[in-house]
Amino acid sequence: MNILLSICCALIWIPYAESQTLLLTPSNPIVNVGESVTFNCNTGVKDGDWVHLLKQIPGEAPQLIIYNHHSFSSPRYGPGISSDRFTASINSAATEYYFTIRKTEIADTALYYCVKWYGSNTGYVFSQSSKLIVTVDKFPEPAINVFAPYVEDHSTKDNQVITCHVRKMSVSLVNVKWIKDGTTIQDGVSTSQPTRDTDNTFSLSSYLTIPASDLNKDSIYSCWVQQEGSSSFTSQGINLSQC
């Protein structure tokens with residue numbers, strides 16, 4: 001089996017029969033940095049095809065971490081993955097695969113899938129995503145900037161867009177909310193996928209669409225950001241009537 005093919009196929013969800021499903025269950029979805037976590041992938045069948053564990057950072061292609069099979073003497077690893085932190089085992093019936101991350105790091109905060117080829121369905125089957133959050137006392141504070149709509153657009157559009165740009169985030173799993181005068185806004189919000197920057201931190205932009213008539217109202221808008229596994233931060237408020 002071509003391992004690179006396994007990674008590429010993770011980009012496409014292939015329909016599968018209801019009789020063949022994978023269930024991925026973390027021993028604990030939230031762990032402190034340095035602790036261990038084990039993912040249990042229940043395949044429901046013992047056969048000749050390998051079982052893979054994939055990690056996905058939102059906005060990036062899945063990464064092959066480790067794969068195993070009952071015929072292997074030891075698990076095998078994806079490119080750049082070390083056996084010092086990742087290991088695997090299988091139950092006696094060869095229907096449950098256990099993938100362990102030891103000494104968890106902040107970078108392990110991500111979504112995880114197990115993937116297996118079922119020949120009877122002629123396709124890859126993916127488990128549901130399982131989120132792993134590695135917690136710390138406090139991440140470094142990200143840079144959060146809120147920008148008013150472009151002045152030249154004020155007289156030509158019925159709606160206006162406020163932008164919140166967030167940089168220097170330690171992880172890519174992030175919750176973003178918009179707040180107006182202390183109240184969370186649900187409508188008109190659109191947030192991009194995070195992207196990895198050259199310094200290995202993450203950034204994203206969130207957009208709030210408001211009626212142009214609200215530009216002259218004396219309201220305070222701010223952007224709230226929480227990186228999964230640590231405390232939240234709120235931007236400095238912006239009063240659009242004073243911009």
Around L173, which amide H atoms from residues at least 5 apart in sequence, or from another chain, sit under 5 Å from its own amide H, with H modelled in the peptide plane? E228
Once the dipole of the chain is set up with Lys and Arg at +1 and Asp and Glu at -1 on Cβ about the Cα centre, which of Q227, A212, G188 lies farthest towards its positive end? Q227
Region 62-116 and region 182-243: distance between their alpha carbon centers, rounded to Å: 37 Å
Would you mind classifying region 21-70 by shape? Square roots of the alpha carbon gyration tensor eigenvalues, ordered a ≥ b ≥ c; an a/c under 1.5 is rounded, otherwise it is prolate if a/b is larger than b/c and oblate if not. oblate
Would you please give the residues with an amide H less than 5 Å from that of K168, counting only those at least 5 places away or on a separate chain, with H modeled from the backbone geometry? A143, F202
Could you tell me whether region 100-225 comes out rounded, prolate or oblate from its Cα gyration tensor? Rule is a ≥ b ≥ c as square roots of the eigenvalues, rounded for a/c under 1.5, then prolate if a/b exceeds b/c, otherwise oblate. prolate
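Kindly flag which residue pairs out of K138/K177; K131/K180; K46/K131 have an alpha-carbon separation exceeding 22 Å in this structure.
Checking Cα-Cα distances, K131/K180; K46/K131 exceed 22 Å.
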Antiparallel content of DSSP bridges confined to the chain, in %, to 5: 95 percent
Can you compute the helix-only [θ] at 222 nm over the chain? Use -39500 (n - 2.57) per DSSP H run of at least 4 residues, normalise by all residues, nearest 500 deg cm²/dmol. -500 deg cm²/dmol
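Where the only charges are on Cβ atoms (+1 Lys, Arg; -1 Asp, Glu), what is the dipole of the chain about its Cα centre, to the nearest 20 debye?
Values: 16 positive and 21 negative charges, 105 e Å.
Dipole about the Cα centre, nearest 20: 500 debye.
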Taking the convex hull of Cα positions in region 185-243, its mean projected area over all directions (nm²): 5.4 nm²
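For the chain, what does the accessible surface come to per residue with a 1.4 Å probe? Please give it in Å². Mind showing how you got there, number by number?
Working: 12230 Å² over 243 residues.
Accessible area per residue: 50 Å².
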For region 176-243, listing trypsin sites (Lys or Arg not before Pro) in a DSSP loop whose Cβ sees at most 16 other Cβ atoms within 10 Å gives K217
Taking +1 at the Cβ of each Lys and Arg and -1 at the Cβ of each Asp and Glu, which of N175, V136, S71 sits farthest along the dipole of the chain towards its positive end, judged by Cα position relative to the Cα centre? S71
For a test of the definition: using alpha carbon positions, the gyration tensor, and the 1.5 limit on a/c, classify the chain as rounded, prolate or oblate. prolate
Loop by DSSP (not H, G, I, E, B), at most 13 other beta-carbon atoms within 10 Å: where is the longest site-free stretch of the chain for GluC sites (Glu not before Pro)? 106-243
Under the Karplus relation with 6.51, -1.76 and 1.60 and θ = phi - 60°, whole-Hz ³J(HN,Hα) for region 217-229, x at Gly and Pro, equal 8, 7, 10, 10, 10, 9, 10, 10, 10, 10, 7, 3, x
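The values are calculated or read from the model by the stated rules, or taken from the named source; none is laboratory data. Please read these numbers as outputs of a predicted model, since none were measured by experiment. All Cβ positions, glycine included, derive from the backbone under ideal geometry; neighbour counts span all protein chains shown. The protein model used for the area step is the full one, side chains on, heavy atoms only, and it has no ligands, DNA or RNA in it. Shrake-Rupley method; radii C 1.70, N 1.55, O 1.52, S 1.80 Å.
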